[in-house]
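Here's the structure we're looking at; comments come further down.
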Amino acid sequence: MPTETAPQAPPATRRGRPVLTLLVVLLGMLTLPMAMSGTTVALPRIGSDLDASGAALQWVVVGYFLAASSFMLVAGSLGDIFGRRRVLTVGAALYATGTLASAFAHHILFLDAARLLSGIGAAGVMTSGGALLAATYTGAARTKVFASLGTTAGVGIAIGPTFSGWMVDGLGWRTTFLVFAAAGGAILLGTRLLAESRADTPSRVDKAGAATFIGGLSLTLFAITQGSKSGWTSGGTLLPLAAGTALLITFVRVEKRLAARGGAPVLDLSLARRPAFLGWSLGSFGLGAGTTGALVYLPTYLQGTGDTTAGDAGLILLLMTVPVLALPPLGARLVNRGAPARHLLVLSLLLIAAGNAWLTTLHPGISAAALAGPLLTIGAGQGLSVGIIDAQALGMVAPAQVGMASGFLNTVRGGTGAVILTVFGALLLGLLEPRVGSAELAGRITAGAGGHAEQFTEAWRIVLWSVAGLSTGLALLVHALLRPRTRTAKTTVTAPAPAPAPARTH
C-alpha cells in the first residue's frame, strides 16, 4: 500500500454512473493503444500510396506519440479546472476528427498534421479517463477497476498490430483509420451520459506553465528522435535539445513562482518531492523501459537472422503479451488481500531485469521454446504491477489533484515509450556500425534486411544487459522510495485526520 498517508475522497461508487463511466473509459483504453501500436504496420502501404518515405513517413507514428506525451499533463490539469468529463469529451472529438482526416489524407504532410491532432485528443481521453475513474471509485473497487484498465490497455497494445495488419491487407489503410475514427465517435457519444467531476475550488488556467511544458517536452522528445537519424552532435539535434531544456527549466521556475503566490500550477512540484509518489512514477517508467524495446524490435531480429515469418514473430510475441493480459487482476487481488503493493512493484522490476538478462541467450535461429522463458518472465513482471500503479499513486493525492496526477503518470508512460523506442534503436545502430563498417549497412540490418547475424546478436546482447542493469537499479531505487518512513498508517485507523472536501460530481 502507499507509504504515506493519503487524503481520500469519500466512497463514490454509487454516484456518477460508475459502470457506464468504466465502460467508456475502457473503450478508450482499448482502441487508443491499438491505434498506437497498429499504425506501424500500415506505414509501407501509406508510403507507397502517398509517395512518402524517411522522416515524413515516420512522423505518422512519431508525431502521434510526441503530441500525446506532451499534452497529457496539461490535459489532466485542465480536467481538474474545467471538468474531467468535459476534457474527455473534447479529447474524444479531437481524436475522432484527426483520425477521420487521416483516412482522407492525400499528402503526407496533411496526414502528419492529422496524426498530431489525434495525439492531442488521445492525451485528453487517456488522462481524463483515469482521473474520472479515480474520482468515481475508492478503496478495493478502485484497485480492481485500474487492474481492468491495465489489462484492457495491454490487450490493445498486443492485438493492435495483428488487427491493423488484417484490416490493412483486407480493406486498406484508409479503412483502418475509419474504424478507429468510429471508435472515437463512440467514446464521444458515451461521454454525454457521464457525470461531471472537477476540483471543488475553481482556479485559473496556468497558461505560462502549459506553454513552457508543452514546448519544452515536445522539443526535447523531438531532439531525441532526431538524434538517431541526424546524429547526436548535429545542429538538428542539439538546437531543439537546448531549446527544450531551457523551456523545461523555465517551466519549473514558473510553477514554483505560481505556487508561492497561491495559484494552481499545471504541475504541483510538491508531488515530485513526495518519495512515495515519485517511487510509483519511477516504477511506471521502469515497466515501460524494460519491455518496450523487446516488444518492438525483437520481431525484426527474428525475421532478419532466421527463417521466422512476420506471422510467426507475432505469435512468439504473445509469450510476452499474454501475461500482461492475464496478471493485472492477480496483482489487484493480492493487494486487496493485504500484500504490500510496493513489494509487488519491486518484484516486477526484478522479473523484468531477469527476463532481459535471460534473453541474452538470443542467437540466430533461436526457437520459440527457447524464447518462452525470458519472454514470459518479462511479461509477468509487467503484468503483475501494470494495473496497481495508478490506483496506488492517485490514492495519495487530494481529490482536487487527481487529474493533474493522472496526467503526470500518463506523461511518464508516453514519454517512456517515445524515448525507449528511439534510444533502443539508436544503441543497436551505434553498436552495430563499427562491427559492420557502415552506418547505411547497420541501418538495413536493424530494419530486418538480414546479414551479419553474429554482429547483430552481439549488439543485441549488450543492449539487453543494459536494460537489465537499468531495471535492477530502478528496482533498488523504487524500494528505497516506497519504504515506510512513519507509522502514520496505523495511527490514522483509530484517529483519522479530517478528509478534505471531495471533488464535485454532478
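The values are calculated or read from the model by the stated rules, or taken from the named source; none is laboratory data. The structure presented is a predicted model; accordingly, all values stated were derived computationally and were not measured. Backbone-built Cβ (ideal geometry, glycine too); neighbour counts: all protein chains shown. Remember, those area values only see protein heavy atoms, side chains included, never the ligands or the DNA or RNA. Shrake-Rupley method; radii C 1.70, N 1.55, O 1.52, S 1.80 Å.
What to note about this one:
- When THR225, THR245, THR201 are screened for being modelled with pLDDT under 85 and open to solvent by 60 Å² or more (accessible area, probe 1.4 Å), only THR201 passes.
- Cβ-Cβ distances below 7 Å connect no pair with a first residue in the stretch 155-176 that is surrounded by 20 or more Cβ atoms within 10 Å (Cβ to Cβ), a second residue that is at pLDDT 80 or above and not in a helix (DSSP H, G or I), and a separation of six or more residues or different chains.
- Verdict on VAL463 being closer than 25 Å to LEU344 by Cβ and out of contact with any Cys (no Cβ under 9 Å at 6 or more places or on another chain): no
- Some residue of the stretch 350-362 being among the hydroxyl-bearing types (Ser, Thr, Tyr) and within 17 Å of GLY331 (Cα to Cα): no
- Filter result for THR245 (in contact with a helix residue (DSSP H, G or I) (Cβ under 9 Å, 6 or more places away or on another chain), farther than 30 Å from VAL19 by Cα and among the β-branched types (Val, Ile, Thr)): yes
- Selection within the stretch 217-249 - among the β-branched types (Val, Ile, Thr) and in a helix (DSSP H, G or I): THR220, ILE224, THR225, THR237, THR245, ILE249
Matching residues to (1) surrounded by 18 or more Cβ atoms within 10 Å (Cβ to Cβ); (2) over 24 Å from ARG483 (Cβ atoms):
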site: GLY279; (1), (2): yes, no
site: THR291; (1), (2): yes, yes
site: LEU295; (1), (2): yes, yes
site: THR300; (1), (2): yes, yes
site: GLY306; (1), (2): no, yes
site: ILE316; (1), (2): yes, yes
site: LEU319; (1), (2): yes, yes
site: GLY338; (1), (2): no, no
site: LEU345; (1), (2): yes, no
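- Within the stretch 347-377, the set of residues being open to solvent by 50 Å² or more (accessible area, probe 1.4 Å), free of Cβ contacts under 8 Å to residues at least 24 places away in the same chain and not polar (S, T, N, Q) comprises TRP358, ALA369.
- Per the listing PHE251, PHE180, the residue uniquely closer than 30 Å to THR136 by Cβ, surrounded by 16 or more Cβ atoms within 10 Å (Cβ to Cβ) and touching a residue at least 12 places away in the same chain (Cβ under 8 Å) is PHE180.
- Pick from the stretch 56-108, criterion polar (S, T, N, Q) and buried (at least 24 other Cβ atoms within 10 Å of the Cβ), ranking: nearest to LEU394 (Cα to Cα): SER77
- Condition check for GLY443: in contact with a Leu (Cβ under 7 Å, 6 or more places away or on another chain) and modelled with pLDDT under 90: yes
- GLY443 vs. criteria open to solvent by 10 Å² or more (accessible area, probe 1.4 Å), without any contact (Cβ under 8 Å) to a residue 40 or more places away in the chain, in contact with a Phe, Trp or Tyr (Cβ under 7 Å, 6 or more places away or on another chain) and small (Gly, Ala, Ser): no
- Tally of residues being over 21 Å from the mean Cα position of the chain (by Cα) and of a type in the set (Gly, Ala, Ser) across the stretch 281-309: 2
- Filter result for ARG115 (touching a residue at least 24 places away in the same chain (Cβ under 8 Å), touching a Ser or Thr at 6+ places or on another chain (Cβ under 9 Å), open to solvent by 10 Å² or more (accessible area, probe 1.4 Å) and assigned to a helix (DSSP H, G or I)): no
- On inspection, ILE81 qualifies as part of a helix (DSSP H, G or I) and in contact with a strand residue (DSSP E or B) (Cβ under 9 Å, 6 or more places away or on another chain).
- Within the stretch 351-370, being over 20 Å from LEU428 (Cα atoms), over 20 Å from the mean Cα position of the chain (by Cα) and not hydroxyl-bearing (Ser, Thr, Tyr) holds for ALA354, ALA368, ALA369, ALA370.
- Within the stretch 250-288, tally of residues that are part of a helix (DSSP H, G or I) and out of contact with any helix residue (DSSP H, G or I) (no Cβ under 8 Å at 6 or more places or on another chain): 6
- Selection status of GLY185, out of contact with any Pro (no Cβ under 7 Å at 6 or more places or on another chain), within 17 Å of GLY76 (Cα to Cα) and either open to solvent by less than 10 Å² (accessible area, probe 1.4 Å) or modelled with pLDDT of 90 or more (or both): no
- Test for LEU109: is it more than 14 Å from SER197 (Cβ to Cβ) and touching a Ser or Thr at 6+ places or on another chain (Cβ under 8 Å): no
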